[in-house]
Amino acid sequence: MTGRVESIHIIRGIDMPIEGREAIRVHAGRGLEGDRHTPPEGGSHQPGEFALTLVESEALQAVRDEHGIDLSDGRSRRQLMTRGIRLNDLVGREFRVGTIRCRAVELCEPCTHLERMTAGGVIKALVHRGGIMADVLEGGTISVGDEVAEVTAG
């Protein structure tokens, strides 16, 4: 099971615009460099926060087709958009994005904050297809086009 990174997005501050990136440094245990959810060096996430969020481009296209809600260009508020891999199937497993190693912890279900930031109906539209939250076990640099693949024993 493999896919690709289609886009990378960060938000530097709570009222700041979404910024696209072609490549970005990712820190183990912390997240994407420059993103508002990435704690400073030596810091750690609050309970319920994770270093990385990912969503399938196929899910976002389905939301657009079925509900008329456009969550492209980072509007999904997820940091990585992927294509070709079933992210929900990775929960509880290790995977790689390019050279970084991650563990998918749980589904990233939509919330009222996301709905306020996007469009009415987005919660219903994204239930069980809002992506995943992951911990970063080994950092590095990721780029648009990098492979996303489950780490298998062997």
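Taken together, the values in this text are just the output of simple stated rules run on the coordinates, not laboratory data. Computed from a predicted model, the values in this text were never measured in an experiment. Don't worry about glycine lacking a Cβ; one is built from the backbone with ideal geometry, like all the others, and counts go over all protein chains shown.
Key figures
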| read-out | value |
| --- | --- |
| Cβ charges +1 (Lys, Arg) and -1 (Asp, Glu), total dipole of the chain, debye | 80 |
| Sorted by Cβ neighbour density within 10 Å, fewest at the top, the residues C111, C102 | C111, C102 |
| Part-to-part distance (alpha-carbon centres) for region 86-145 and region 7-32, which is given in Å | 14 |
| Amide H partners (placed H, <5 Å) of S7, local residues excluded | M81 |
| Three-way shape call for region 90-143 based on the alpha-carbon gyration tensor, with the a/c threshold at 1.5 | prolate |
| Prolate/oblate/rounded call for region 1-85, Cα gyration tensor, a/c under 1.5 rounded | prolate |
| Dipole magnitude of region 20-95, debye to nearest 20 (Cβ charges: Lys/Arg +1, Asp/Glu -1, about Cα centre) | 140 |
| Helical mean residue ellipticity (222 nm; -39500 (n - 2.57) per DSSP H run of 4+; nearest 500) of the chain | -3500 deg cm²/dmol |
| Net charge of neighbours whose Cβ lies under 14 Å from the Cβ of R93, counting Lys and Arg as +1 and Asp and Glu as -1 | -1 |
| Shape call, region 40-123: gyration tensor on alpha carbons, a/c limit 1.5 | oblate |
| Mean separation of Cα contacts under 8 Å (6+ apart) over length of region 2-150, as relative contact order % | 34 |
